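The values are calculated or read from the model by the stated rules, or taken from the named source; none is laboratory data. Just so it is clear, the model here is predicted, and its values are computed rather than measured. As a convention, Cβ positions derive from the backbone with ideal geometry for all residues, glycine included, and neighbour counts pool all protein chains shown.
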Amino acid sequence: MTSKIMLHMKCRNNAYPKTDGKIIRFPVPDNKVSWFNDYLTYKPIFYTALSVLNQKWADLDLNESKFKPVWNNIDGNINRISFTGNYMIKNNFPLNPYGRTGLVGRGLLGRWGPNHAADPIVTRWKKNHSENEVHIDTGKPILQFVAIKRKDSGEWALPGGMVDCGEIVSTTLKREFMEETMNLLEKSKSDATKVELEVENIFKDGIEIYKGYVDDPRNTDNAWIETVATLFHDEKGDHVSALKLHAGDDAVGVKWIDLDNNLKLYANHLLFLQDIALKLKCHW
Ligand code: RP5
């Protein structure tokens, strides 16, 4: 359960998501990522998507006189604290704790500074008839986890989502799992209640696996995603076998994926899974 030091990769040296290649990040080589290394020619463009402006779930622009954020603190019912420690503020702009991204503004993110998310990792053992299946190369049992195919990037990802204002993380974990992997928002009230009961059982005992920065393609110099990733492992597989997976909300696909270190997943989600492989001594 650590916030790991890494060089962010997915949020630099590429076009900004959902802009049809029109918003290009200023190049940031590895040795210029840190704010402590001078980069005198650094002139990133400013971009905040129109879809973010004037939304209830988003901040106002920093030049609005009535907007007085309390950085590095709980600000009313908004959590502006970073898991990485106190972030720097420059000219009233919060600075990404992992360094330059080649873009200033908020991009597609609602909050200046940390945007808090939660990622549920629901796992079971892969079975061959009733036995745990072992991997041919490592001889270790194969773990499977529930993944969604994201509508925005088409990549496979953990079924996480943003923590709503004032919401506790355990509620976000359940809500996002039900919305994205069980299409809860489209279900009748009685079907939704059944799903909620099944999910309640699975989400009884979680183990916090990762807490920290997400190398999300939407991050900017002034807005970034942080998450709490929690493991819900069903050792016997009875509870999770009852789940009827059906993609919903922001997902266009959902499935059980065999854990393997060669997987290509959204953001740095594979990093969260690495710790689980160590913990459960499974194939990686
Ligand atoms: C990732 O984006 C987080 O780890 C989480 O999975 C997700 C939250 O954003 P939305 O899916 O709500 O867009 O950075």
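Checked against (1) surrounded by fewer than 19 Cβ atoms within 10 Å (Cβ to Cβ); (2) touching a residue at least 12 places away in the same chain (Cβ under 8 Å); (3) not polar (S, T, N, Q), K187 passes all but condition (2). Please enumerate the residues belonging to segment 156-178 that are surrounded by fewer than 19 Cβ atoms within 10 Å (Cβ to Cβ) and among the polar types (S, T, N, Q). Of everything in segment 156-178, those that are surrounded by fewer than 19 Cβ atoms within 10 Å (Cβ to Cβ) and among the polar types (S, T, N, Q) turn out to be S170, T171.
Regarding segment 30-46, can at least one residue be identified that is free of Cβ contacts under 8 Å to residues at least 40 places away in the same chain and within 29 Å of L265 (Cβ to Cβ)? Break it down into steps so the answer makes sense when it comes.
Narrowing segment 30-46 to residues free of Cβ contacts under 8 Å to residues at least 40 places away in the same chain: 30-31, 36-38, 40-41, 43.
Keeping just the survivors that are within 29 Å of L265 (Cβ to Cβ) gives 30-31.
Within segment 30-46, one or more residues are free of Cβ contacts under 8 Å to residues at least 40 places away in the same chain and within 29 Å of L265 (Cβ to Cβ).
For segment 255-276, the candidate set comprises residues that are touching a Lys or Arg at 6+ places or on another chain (Cβ under 9 Å) and part of a helix (DSSP H, G or I); within that set, the residue that is farthest from I142 (Cα to Cα) is L271. The set of residues in segment 85-132 being part of a loop (DSSP other than H, G, I, E, B), within 27 Å of I74 (Cβ to Cβ) and out of contact with any Pro (no Cβ under 8 Å at 6 or more places or on another chain) consists of N86, N91, N92, L95, N96, P97, Y98, G99, L109, G110, R111.
Just checking, does segment 234-252 include any residue being within 12 Å of the ligand (Cβ to nearest atom) and either part of a loop (DSSP other than H, G, I, E, B) or without any contact (Cβ under 8 Å) to a residue 60 or more places away in the chain (or both)?
Quick first cut of segment 234-252, residues within 12 Å of the ligand (Cβ to nearest atom) only: 249-251.
With either part of a loop (DSSP other than H, G, I, E, B) or without any contact (Cβ under 8 Å) to a residue 60 or more places away in the chain (or both) added as a condition, the list becomes 249-250.
Taking every residue of segment 234-252 in turn, at least one turns out to be within 12 Å of the ligand (Cβ to nearest atom) and either part of a loop (DSSP other than H, G, I, E, B) or without any contact (Cβ under 8 Å) to a residue 60 or more places away in the chain (or both).
Being in contact with a Pro (Cβ under 7 Å, 6 or more places away or on another chain) and at pLDDT 90 or above, is that true of even one residue in segment 195-205? No: zero hits. All conditions in (1) modelled with pLDDT of 90 or more; (2) surrounded by fewer than 24 Cβ atoms within 10 Å (Cβ to Cβ); (3) outside any loop (DSSP other than H, G, I, E, B) hold for A229, with the sole exception of (2). Residues in segment 156-177 that are within 14 Å of the ligand (Cβ to nearest atom) and part of a helix (DSSP H, G or I): how many? Adding up the residues that qualify gives 6. Of all residues in segment 269-282, those being touching a residue at least 60 places away in the same chain (Cβ under 8 Å), surrounded by fewer than 20 Cβ atoms within 10 Å (Cβ to Cβ) and within 16 Å of the ligand (Cβ to nearest atom) number 2.
Being surrounded by 18 or more Cβ atoms within 10 Å (Cβ to Cβ) and more than 12 Å from the ligand (Cβ to nearest atom) narrows it down to one of N222, N261, so name that one.
On the way: N261 fails: surrounded by 18 or more Cβ atoms within 10 Å (Cβ to Cβ).
From the options N222, N261, the qualifying one is N222.
Residues that are surrounded by fewer than 22 Cβ atoms within 10 Å (Cβ to Cβ) and more than 11 Å from the ligand (Cβ to nearest atom) were ranked within segment 145-155; the one that is farthest from G248 (Cα to Cα) is G154.
Filtering segment 178-200 to residues that are under 21 Å from A229 (Cβ atoms), within 16 Å of the ligand (Cβ to nearest atom) and in a helix (DSSP H, G or I) leaves M178, E179, E180, T181, L184.
The set of residues in segment 101-120 that are within 9 Å of the ligand (Cβ to nearest atom) and β-branched (V, I, T) is empty.
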